[in-house]
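To start, the structure itself, in structure tokens.
Any read-out appearing in this document is the output of simple, stated calculations on the displayed coordinates, not a laboratory observation. Worth saying up front: this structure is predicted, and the values here are computed from it rather than measured. With ideal geometry, Cβ positions are generated from the backbone for all residues, glycine too; neighbour counts draw on all protein chains shown.
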Amino acid sequence: MQIKKILSKKEIEELEKLIEKNYGVKISLRDYLVFTSKEKIWIATKECAKIFSLNILINSAGLNFGKIRKGKIHLTIEGSQIVGRYASKNVVFINKNSAEKFLKGSDVKAEKEINCEYGNFVIVKSEDEILGSSLFLKDKIKNLIPKSRRTIRF
């Protein structure tokens, strides 16, 4: 993992505003080290900055939070779980049967939508579980869970 850039306070504020705009939740990332590698956004404790300054080869550090695509943020499963607990916008609920299909990689239909925008990324929930983030289209939720993270058996 090659760190492309450690985000400044202003850039972190812009990221927080983007999360608020997309998901209707205010979160603070100021207590964390926020950095990018390629197009991915990572968060880590501020102590990681000391490790980065040692100029050693690091395989990975921190938590992959998401990616910014076309002015919108696509959260990872972990990013969805952090933001999704408090999200009031772009949240969809699916039933248990659809959750199983979703976790196996299939596109599914939303059972309930909370302030969703077509063509935007949504947080996918089933009952009290946050399953991840995917693309909300007019007739379906487009599954964007990477193949390596999908469930084979449920």
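If we count every other residue with Cβ under 14 angstrom of LYS104's Cβ, Lys/Arg +1 and Asp/Glu -1, where does the sum land? Once positives and negatives cancel, what remains is +4. Assuming charge only on the beta carbon of Lys and Arg (+1) and of Asp and Glu (-1), the dipole of the chain about its Cα centre is about 460 debye to the nearest 20.
Rounded to two decimals, what is Rg over Rh for the range 90-154 when you use alpha-carbon atoms and the Kirkwood radius?
0.93
Quick one: putting +1 on the C-beta of Lys and Arg, -1 on the C-beta of Asp and Glu, what dipole do you get for the range 1-88 around its Cα centre, in Debye to the nearest 20?
In total the dipole reaches around 260 debye.
For the chain, averaging the sequence separation of C-alpha pairs within contact (under 8 Å, six or more residues apart) and dividing by the residue count gives a relative contact order of 18 percent. Using Cα-only point scatterers and the Debye equation, what is log10 of I(q)/I(0) for the chain at each q in 0.12, 0.18, 0.19 Å⁻¹, rounded to two decimals? Result of the Debye calculation: -0.53, -1.05, -1.13. As a length-normalised measure over Cα pairs under 8 Å and 6 or more apart, the relative contact order of the range 1-88 settles at 29 percent. Coupling constants for the range 16-25 follow from the phi torsions by the Karplus curve (6.51 cos²θ - 1.76 cosθ + 1.60, θ = phi - 60°), and in residue order they are 4, 5, 5, 5, 5, 5, 6, 10, x, 9 Hz; glycine and proline get x.
Here is how the number arises for the chain: DSSP H runs of 4 or more residues each give -39500 (n - 2.57), the sum is divided by the residue count, and the result at 222 nm is -6500 deg cm²/dmol. In plain terms, the residue of LEU33, LEU57 with the fewest other Cβ atoms within 10 Å comes first and the most crowded comes last, giving LEU57, LEU33.
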